[in-house]
Structures are given as C-alpha cells and as structure tokens.
Amino acid sequence: MFTNLAPQPADKILQLVGMFRADPRSDKIDLGVGVYKDATGLTPVMRAVKAAEKSLWEAETTKSYTSLAGEPAFQAAMAALILGDAVASDRIAAAATPGGTGAIRQALDLVRMATPSATVWVSDPTWPNHLSILKYLGIKTRLYRYFDAESCGVDFRGLMADLAGAQAGDVVLLHGCCHNPTGANLTLPEWTEVARLLEKSGAVPLIDIAYQGFGDGLEPDAAGTRLIASRLPEVLIAASCSKNFGIYRERTGILIGLSEPSARQLTQDTLAFLNRQNFSFPPDHGARLVTMILSDPALSADWRAELEDVRLGMLALRQQLADELRRVSGSDRFGFLAQHRGMFSRLGATPEQVESLRTRHGIYMVGDSRINIAGLNATTVPILARAIVDTGI
Ligand code: LMR
C-alpha cells in the first residue's frame, strides 16, 4: 500500500521553517512563516492568555468531551468579535474548528456537499494552502485578478471584471483583512461594490479572516466582513485565533455559516456532522481561553491593549523599512510597504533574487518575495534594506 503513494509537494511556507532552522549562520533573518515575533525574536504567550490559563487550571474539573460544534459560549463570543451586531443571531450557525485552516477545510467540504458543481474563485495570488486544499478536495477553482504588481495595490478593476463571471452557487473566497500574501486590501467602498456584484450573481462569499486586529484594529479589520454579512443572504466565514490571540499551536478557529433563519438549524447540524466526520470534537483548550478572555472585561481590555501594541509595532516596522529603503535606494518605489496592512507584503523580487537573499545574506522569505514584517526589528530593518538594494530589487 505505502509504496503506491505518490510523493506530495512540500508546503512552500513550512519548508522554509526547516531550511531556516538548519542554517548555521547566527545573523540569519526569518521573514518566512506568518508567526508574530517581538523585537527579541520571541513569539510570546499574551498576558491575558497566561492569566486565563492559570484560572482555568485552578477551576477546570473535567476534560470530558464538550459538544461537536464546540461550546456555544465560544461560538457566541467569536460571532460578536467578528460580526459585532451586523447580523441577527437567528441567521448564525457556527462550529469550532482546529485553527483557521480547519475552518477553511470544513467550509470547502460544506461547499462540495451543498453544490458539487460549484467553482471556487480565489484571488491571484492567495495563501498557497487555499489552492492546495481545493485541489485535494477536487473542487473546481478559478483565479480572479487581485494584485497590481506595478502599483503594489489591488487591481480592483480586474477583480470586478473577473468576478462578474461567477455564477449563482459559485463561491468567492475573499480575505477579510490583511491579504495574505500581498498586504494590499480592499477599501470599504470596494467591499460595497463586491457585495453588490455578489448580490446580483448569487455567488456565495467565503471570507477567510485570519488576521483580525493586525491591520487597522479589531473593528476596522472586520468592517468588510460585517458589510458582506449584513447584505448577503448566505455567507461563510472562516476565522482564526492563532494570530490575534497568539495561540498558534492550540489550533483554535471557527467556521460561521450565515443563512436565512429557516436554514439555520440545517446549517448548524451540517457543521456538527462535518466535524464528526473529519475529527469528531474540536480542540477545546484554546477556544476556552478565548471565551474566558472575551467574556471578562478586565482580561478582554488587557488582551485588546496588548494586541494593539503588536499592531502598532508592525506598523512602525513597515514605516521604518519604507523610510530606510527610500534612503538607501534613493527612490520611492518601496513606499507601498507603509501603505500595506497586516503581517505581509510582497517585495516584488524574482525567485532568483529571493534565493540570492537567502544564500548570500541569510534572509529567508517565501519564493514569491512575501515578507513577514513581524520577523524584523529595528536592527534588522537596515540590514534588510541594504540587502534588497544590493540584490538589485
Ligand atoms: C502563513 O501564511 O505563513 C501562515 O498562515 C501560516 C501557515 O500556516 O501557512
């Protein structure tokens, strides 16, 4: 049996983690995988998470199963965080999932169950694992234009022209905020136009919101998702707590399905069914911490304050890198770095230049020249800027 297996392509992002670890150079710089790091290179456990873990340890009396779709309190807390009061509760079905990736996988499984012939439209470019999961599930996939390599902004005209081809029952995968890998995002008026287009076609949006709080703040980062949720009858939302709560390895995420009230129970039952088929009960520890934090005013305030520090720190690094590049390159062509939001930006380097940065300078980034801003600090920004210019980017 095992000898029949075909070798699978390595995940390009995770492959970099191993390469970076194996590099003996002490001055190497990791701008690869999307994990937040502070100025000392650590991915800290957030204060509120630590405090919640302590009181959970003291209060928890059982590790017995919860429910297939996770705890209703987690579902409610996450729905409030993402949707605010944009949607009536009788439209919301939700299930806890193993991380945001688990939510994407469950969403696409649900799409395949509901409409086997559906085409899923994804931005060009998108997170590589979106494409990998779609291919694995055998779902028809089409790309829509998203990134304008000239301006390093959104090619909105191209996006609208391509999405005009989406049919009723198709699914359009959108990044709620902090687009991965480009860092270029839709404005609110653009979200409104996308909503109008989807209303007209009957295509269903699937919003991947993995970085809420890393862009312009918790509320602004959810604005596009809320707008879509309030306007369209059916919406899927896959959210992650890995980044904004810093609980990557706890695998904490949620899939929300918004429908007409009459279809809510069926949607809820289907989400629970899908969990049972794929992994049975979702992980509970991270979800419980998130619920405790979001339902305790003091913990919540502390979490929001620490998240805001993280966000502002990344913005400051963006600005510093843009300024430094202006200084060493004598041009404004990297000004987009300060305009982008979230952890990522694409530098616009060729694969050869990316490789040269790695081999000659020990600077690691994804092959499409996506950098993780949080992998930098005030000392490494000038080193990166010089290496970029030195490499002829
Ligand atoms: C990334 O894009 O680097 C993150 O979402 C981590 C991952 O799982 O790929």
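The values are calculated or read from the model by the stated rules, or taken from the named source; none is laboratory data. Remember, it's a predicted structure, so these values are computed and weren't measured experimentally. Cβ: placed from backbone, ideal geometry, glycine included. Neighbour counts: every protein chain shown. For the accessible areas, the whole protein counts, side chains as well, though only heavy atoms, and no ligand, DNA or RNA atoms are used. Shrake-Rupley method; radii C 1.70, N 1.55, O 1.52, S 1.80 Å.
Just to verify a number: FRET efficiency for residue 136 and residue 89, C-beta to C-beta distance, R0 = 45 Å, to 0.05?
The pair residue 136/residue 89 has a calculated efficiency of 0.85.
Taking the C-alpha atoms of the stretch 65-295, how large are the radius of gyration and the largest Cα-Cα span, Dmax, in Å?
Calculated on Cα positions, Rg and Dmax stand at 16.3, 52 Å.
How would you rank 144-150, 78-84, highest first, on the average number of other Cβ atoms within 10 Å across their residues?
Averaged packing, sorted descending, gives the order 78-84, 144-150.
Looking at the chain as a GNM with Cα springs under 10 Å, which of 349, 298, 59 has the largest mean-square fluctuation?
It is 59.
Rank by packing, highest mean first: peptides 159-169, 36-46, with packing defined as the count of other Cβ atoms within 10 Å averaged across residues.
Per-residue Cβ counts within 10 Å, averaged per peptide and sorted highest first, yield 159-169, 36-46.
Excluding residues fewer than 8 places away in the same chain, name every one of the lysines whose C-alpha is closer than 23 Å to that of residue 243.
Of all the lysines, those that pass the test against residue 243 - Cα under 23 Å, at least 8 places apart if same chain - are 12, 37, 50, 54.
Nearest-5 percent of antiparallel DSSP beta bridges in the chain?
45 percent
Under the rule of at least 5 residues apart or a separate chain, name every residue whose amide H is placed under 5 Å from the amide H of residue 204.
Result for residue 204 returns 169, 170, 171, 172.
Is the stretch 307-352 rounded, prolate or oblate when judged by the Cα gyration tensor, a ≥ b ≥ c being the square roots of its eigenvalues, rounded requiring a/c under 1.5 and prolate requiring a/b larger than b/c?
oblate
If each Cα of the chain is one equal point scatterer, what is log10 of I(q)/I(0) from the Debye formula at q = 0.09, 0.11 Å⁻¹?
Treating every Cα as an identical point scatterer, log10 I(q)/I(0) equals -0.54, -0.81.
Work out the charge dipole of the stretch 65-295 with +1 on the Cβ of Lys and Arg and -1 on the Cβ of Asp and Glu about the Cα centre, then indicate which of 120, 163, 279 is farthest towards its positive end.
279
May I ask you to derive the FRET efficiency for residue 57 and residue 276 from their Cβ-Cβ distance with R0 = 35 Å, giving the value to the nearest 0.05?
Taking R0 as 35 Å, the efficiency between residue 57 and residue 276 is 0.75.
Counting only protein chains, not ligands or nucleic acids, how are 20, 2, 214 ordered by accessible area (probe 1.4 Å), most first?
Largest accessible area first, the residues go 2, 20, 214.
Can you say what percent of the DSSP beta bridges in the stretch 65-295, counting only those with both residues inside, are antiparallel? Round to 5.
Rounded to the nearest five, the antiparallel share is 45 percent.
Grab every C-alpha pair in the stretch 236-383, bin the distances at 10 angstrom width from 0 up to the longest one, and report whole percents.
Over the stretch 236-383, the share of Cα pairs per 10 Å bin runs 9, 26, 25, 22, 14, 3, 0 percent.
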